[in-house]
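Below you'll find the structure, written out as structure tokens, and then a few comments.
The values are calculated or read from the model by the stated rules, or taken from the named source; none is laboratory data. Just so you know, these numbers come straight off a predicted model, no measurement behind them. Glycine also receives a Cβ, built like all others from the backbone with ideal geometry; neighbour counts cover every protein chain displayed.
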Amino acid sequence: MKRSPTSGNGLNKVRKPAVFYCFFCGFLLLTGLNGLAQTRRGREVDSAYVKTFPGKLTGRTYLSQKYTSFVLSTPPRSSPSLRFRPNSSLDLGVGATFKAFTLNLAYGLSFLNNTNGKGKTSDIDLQTHVYMRKWVLDGFAQFYNGYYLTPRGNGLADPTQYYHRPDVGVYLVGGSIRRVFNFRRFSFRAALVQNEWQKKSAGTWLAGFQLHYGILRGDSALVPGLRQADFPVEEVRRMRFLKLGPGAGYAYTVVYREHFFATGSLTANLSATFSKETFESGKLTYGNVRPDLLFRAVAGYNSDKWCLTLSWINGSLSVQSPIYRYVIHSGNYRLTLARRFQTSRRLQKLVPETIKI
């Protein structure tokens with residue numbers, strides 16, 4: 001007989017400390033947003049560290065691969081984790097940045113992609129990363145259907161095949177805002193938008209807030225039948241969650257001979273997490289505080305006209321109940337070649353100056 005997740009153990013109630021934590025986080029958010037209305041004096045960058053290119057347009061071409069994967073495990077046992085990945089496409093794109101505006105368009109070309117026995121994934125993946133002078137905004141709207149288990153043979157009797165689930169989906173929306181404290185000497189734009197040039201090594205502290213809502217679902221139990229013995233008898237088939245909380249981190253760019261650079265950024269959030277799991281035998285609602293991470297890693301070459309970068313952005317969201325643990329990874333790999341072009345005075349008058357919040 002299966003044990004009902006809602007039977008008299010009190011775990012279906014949200015913990016009170018998490019509720020108070022939620023109100024505390026909301027207070028921090030209001031305090032941070034109030035800073036947006038403060039004085040705008042002292043925005044100038046230190047030209048010895050960061051070179052800007054007013055009046056120039058940055059054009060780029062790139063190869064990109066986005067993804068939203070998840071890891072399923074169980075806290076009560078030391079069983080191996082189940083790693084579900086989408087069969088994401090490799091996209092070829094072009095784009096441009098001019099003052100306050102950036103536009104990128106990408107398309108997955110058939111000769112760059114194949115299933116390789118991993119099944120098909122259908123997805124709508126909208127990611128935006130806005131790098132203002134004092135603030136960084138990250139936004140996500142991701143809808144994935146179709147996953148496979150890695151490594152090959154996991155969940156199957158045949159070790160040469162991939163276990164794939166066209167019915168499994170992950171839907172994630174949310175975003176974050178973070179303050180860049182040493183904005184006069186440190187530039188995220190130089191590494192990730194290619195419209196500036198970091199000429200000397202510098203770093204900065206970061207602080208902000210995040211909010212995410214997500215759904216992880218399948219038409220049947222997420223755990224394969226051949227692996228069910230390693231997991232609890234409650235077979236989860238759907239999980240919804242809400243996460244919000246403050247975070248802090250640090251970013252640094254190492255520059256070699258002015259042109260070669262490597263940028264790394266890591267932010268940790270401590271988020272109030274509310275989840276609701278659906279099983280064959282009932283439902284479980286739970287609340288606690290869980291850590292989340294977001295990192296950016298970029299390396300490349302920069303100069304007055306050309307910029308070549310290889311970047312990886314990855315965010316990890318953690319959700320845990322007394323029965324299951326979930327870690328959702330969302331990110332983007334990108335190889336970019338960019339060039340800066342002088343523009344006409346007419347175009348410069350039509351487009352507003354770069355936002356310097």
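Picking from residues in segment 242-282 that are basic (Lys, Arg) and assigned to a strand (DSSP E or B), the one that is farthest from Ser318 (Cα to Cα) is Lys276.
Please specify each residue of segment 121-144 satisfying the condition of being under 14 Å from the mean Cα position of the chain (by Cα) and small (Gly, Ala, Ser). Answer for segment 121-144, where residues must be under 14 Å from the mean Cα position of the chain (by Cα) and small (Gly, Ala, Ser): Gly139, Ala141. Can Asp292 be described as surrounded by fewer than 16 Cβ atoms within 10 Å (Cβ to Cβ), of a type in the set (D, E, K, R), over 23 Å from Asp219 (Cα atoms) and in contact (Cβ under 8 Å) with a residue 24 or more places away in the chain? Here the answer is no, as Asp292 does not meet what is asked. Can you name the residue in segment 70-103 that is surrounded by fewer than 18 Cβ atoms within 10 Å (Cβ to Cβ) and within 16 Å of Ser316 (Cβ to Cβ) and is also modelled with the highest pLDDT among such residues? The qualifying residue modelled with the highest pLDDT is Val71. Anything in segment 275-289 that is surrounded by 20 or more Cβ atoms within 10 Å (Cβ to Cβ) and farther than 26 Å from Gly175 by Cβ? List them, or say none. Of everything in segment 275-289, those that are surrounded by 20 or more Cβ atoms within 10 Å (Cβ to Cβ) and farther than 26 Å from Gly175 by Cβ turn out to be Phe279, Leu284.
List every residue pair whose Cβ atoms sit under 6 Å apart, with the two residues 6 or more apart in sequence or on different chains, where the first one lies in segment 74-89 and is over 20 Å from Tyr163 (Cβ atoms) and the second, anywhere, is surrounded by 11 or more Cβ atoms within 10 Å (Cβ to Cβ) and of a type outside the set (Asp, Glu). Hits for this filter: Pro75/Arg325; Ser89/Gly108; Ser89/Asn113.
Condition test on Ala251, is it under 28 Å from Ala221 (Cα atoms), buried (at least 22 other Cβ atoms within 10 Å of the Cβ) and either among the aliphatic types (A, V, I, L, M) or free of Cβ contacts under 8 Å to residues at least 60 places away in the same chain (or both)? Taking the combined requirement at face value, the residue does not satisfy it. Out of Gly287, Gly315, one residue alone is within 24 Å of the chain's Cα centre (by Cα) and at pLDDT below 95. It is Gly315.
Could you count how many residues in segment 95-133 are in contact (Cβ under 8 Å) with a residue 12 or more places away in the chain, over 22 Å from Phe186 (Cβ atoms) and assigned to a strand (DSSP E or B)? Within segment 95-133, residues that are in contact (Cβ under 8 Å) with a residue 12 or more places away in the chain, over 22 Å from Phe186 (Cβ atoms) and assigned to a strand (DSSP E or B) number 15. Among all residues of segment 211-219, there is none that is over 22 Å from the mean Cα position of the chain (by Cα), in contact (Cβ under 8 Å) with a residue 60 or more places away in the chain and either in a loop (DSSP other than H, G, I, E, B) or over 23 Å from Tyr67 (Cα atoms) (or both). Arg185 fulfils the conditions (1) in a loop (DSSP other than H, G, I, E, B); (2) on the phi > 0 side of the Ramachandran plot except for a single criterion, (2).
Can you find even one residue in segment 3-17 that is surrounded by 16 or more Cβ atoms within 10 Å (Cβ to Cβ), at pLDDT 90 or above and either touching a Leu at 6+ places or on another chain (Cβ under 9 Å) or farther than 29 Å from Tyr252 by Cα (or both)? The answer is no; no qualifying residue exists. Within segment 302-322, residues that are touching a residue at least 24 places away in the same chain (Cβ under 8 Å) and under 30 Å from Thr278 (Cα atoms) have Cβ atoms under 8 Å from residues that are among the acidic types (Asp, Glu) and assigned to a strand (DSSP E or B) in these pairs: Gly315/Asp138; Gly315/Asp292; Ser316/Asp292; Leu317/Asp292; Ser318/Asp292; Ser321/Glu277, counting only partners at least 6 apart in sequence or on another chain. Any chance segment 319-335 includes a residue that's part of a loop (DSSP other than H, G, I, E, B) and hydrophobic (A, V, I, L, M, F, W, C)? Among the residues of segment 319-335, at least one is part of a loop (DSSP other than H, G, I, E, B) and hydrophobic (A, V, I, L, M, F, W, C), which makes the answer yes. If you go through segment 147-176 and keep only what is surrounded by fewer than 20 Cβ atoms within 10 Å (Cβ to Cβ) and either within 18 Å of the chain's Cα centre (by Cα) or not in a loop (DSSP other than H, G, I, E, B) (or both), you end up with Thr150, Arg165, Pro166, Asp167, Tyr171, Val173, Gly175. Name the single residue that is farthest from the chain's Cα centre (by Cα) among those in segment 57-79 being assigned to a strand (DSSP E or B) and among the polar types (S, T, N, Q). So, considering only residues that are assigned to a strand (DSSP E or B) and among the polar types (S, T, N, Q), the one farthest from the chain's Cα centre (by Cα) is Thr58.
Looking only at residues in segment 117-132 that are closer than 20 Å to Gly169 by Cα and among the polar types (S, T, N, Q), which one is surrounded by the most Cβ atoms within 10 Å (Cβ to Cβ)? Ranking the candidates gives Thr121 first.
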